[in-house]
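**Q** I'd like to ask you about the structure that follows.
The values are calculated or read from the model by the stated rules, or taken from the named source; none is laboratory data. All figures in this text were calculated on a predicted structure; none of them were measured in a lab. Cβ placement follows ideal geometry from the backbone for every residue including glycine, while neighbour counts extend to all protein chains displayed.
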Amino acid sequence: MKALVIGASRGIGYYLVQQLIEEGHEVTACSRSPMDIKLPYPQCQFKRADIRDFFALQRIVPGHDVVFLCVGMLPGIDEVNLFSEGSRNVIDAMNESGINRLVVVSCVGSGESKGHGGFWYDKVIQPLMMKRILCDRERQEKIIRDSGLDWTIVRPGFLTYGRKKNKYKVYTNLEGVKAKYISRQDVADFLLQLMDTDEYTHQAPLVTN
């Protein structure tokens, strides 16, 4: 299959590109700056685009079977619209190109996962550091749910740079569940599995150890 990974220069997107290539898929790795990408794979195409630039996405999105949106950002004090504005542009470009499968990495604290991060995250970190990001994540998730696409929203636990262990758990019913740590490589592995199943289509699973 042909996969487009947006946000491929680091983190989950970086590891996803690696794993997609290892599984024999054709990959386009997209980043805001081509200098951010240091993946040594000649069979991978590298494209430059900011998800806030619809016309750049118009040139890159066509020809793929699935789009992975793995863009993230550090907490700050400024208002955030990267996720909602970017998702709207990605969805519009997908609709123009007739592409229907969208997988988006969100975060704990948005949607149904609110209150499932544990005391320190829910009561301290989220209101002090994540408020603006989570507000835009909420807007983003509504745009995705209303898109008419075959979407999956993935909410990872607290991310580490540990090794891939393939021992993570996937929850769609969050009753009694608290997010734990999970490596970025394991999150990428779960995203990779979504290439071969529609089990989590129109769902927002929490992935954690």
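**Q** Please state which one of VAL67, VAL80 is outside any loop (DSSP other than H, G, I, E, B) and among the aliphatic types (A, V, I, L, M).
**A** VAL67
**Q** Considering each residue of segment 51-62, count those that are under 19 Å from VAL5 (Cβ atoms), part of a helix (DSSP H, G or I) and either out of contact with any strand residue (DSSP E or B) (no Cβ under 9 Å at 6 or more places or on another chain) or touching a residue at least 60 places away in the same chain (Cβ under 8 Å) (or both), and give that number.
**A** Of the residues in that region, 2 qualify.
**Q** Being surrounded by fewer than 20 Cβ atoms within 10 Å (Cβ to Cβ), aliphatic (A, V, I, L, M), over 15 Å from the mean Cα position of the chain (by Cα) and at pLDDT 95 or above, is that true of even one residue in segment 47-59?
**A** Yes.
**Q** Just checking, which of ASP150, ASP136, ASP122 is crowded, with 19+ Cβ neighbours inside 10 Å and of a type in the set (D, E, K, R)?
**A** ASP136
**Q** Given (1) basic (Lys, Arg); (2) closer than 17 Å to GLU112 by Cα; (3) in contact with a Phe, Trp or Tyr (Cβ under 8 Å, 6 or more places away or on another chain); (4) surrounded by 15 or more Cβ atoms within 10 Å (Cβ to Cβ), where does ARG145 come up short, assuming only one miss?
**A** Evaluating ARG145 over (1) basic (Lys, Arg); (2) closer than 17 Å to GLU112 by Cα; (3) in contact with a Phe, Trp or Tyr (Cβ under 8 Å, 6 or more places away or on another chain); (4) surrounded by 15 or more Cβ atoms within 10 Å (Cβ to Cβ) leaves (4) as the failure.
**Q** Ok, one more. Regarding segment 178-192, can at least one residue be identified that is assigned to a loop (DSSP other than H, G, I, E, B), basic (Lys, Arg), modelled with pLDDT under 95 and more than 14 Å from the chain's Cα centre (by Cα)?
**A** no
**Q** Listed residues LEU206, LEU134; which is aliphatic (A, V, I, L, M), over 13 Å from the mean Cα position of the chain (by Cα) and over 16 Å from VAL67 (Cα atoms)?
**A** Selected residue: LEU134, the only one of LEU206, LEU134 that is aliphatic (A, V, I, L, M), over 13 Å from the mean Cα position of the chain (by Cα) and over 16 Å from VAL67 (Cα atoms).
**Q** Could I ask something else about it? In segment 63-78, what residues are touching a strand residue (DSSP E or B) at 6+ places or on another chain (Cβ under 7 Å) and surrounded by 16 or more Cβ atoms within 10 Å (Cβ to Cβ)?
**A** HIS64, VAL66, VAL67, PHE68, LEU69, CYS70, VAL71
**Q** Let me ask something else about it. Among (1) of a type in the set (Asp, Glu); (2) in a helix (DSSP H, G or I); (3) more than 20 Å from SER87 (Cβ to Cβ), there is one condition GLU199 misses while meeting the rest; what is its number?
**A** (2)
**Q** Would you mind stating whether VAL90 is of a type in the set (Val, Ile, Thr), out of contact with any His (no Cβ under 7 Å at 6 or more places or on another chain) and assigned to a loop (DSSP other than H, G, I, E, B)?
**A** no
**Q** So, one more: Of everything in segment 19-36 that's buried (at least 20 other Cβ atoms within 10 Å of the Cβ) and of a type outside the set (Gly, Ala, Ser), which residue is farthest from PRO62 (Cα to Cα)?
**A** LEU20
**Q** Oh, and also: Considering only residues that are touching a Leu at 6+ places or on another chain (Cβ under 9 Å), under 22 Å from ALA188 (Cβ atoms), part of a helix (DSSP H, G or I) and in contact (Cβ under 8 Å) with a residue 60 or more places away in the chain, which ones fall in segment 93-120?
**A** Residue satisfying the conditions is SER113 alone.
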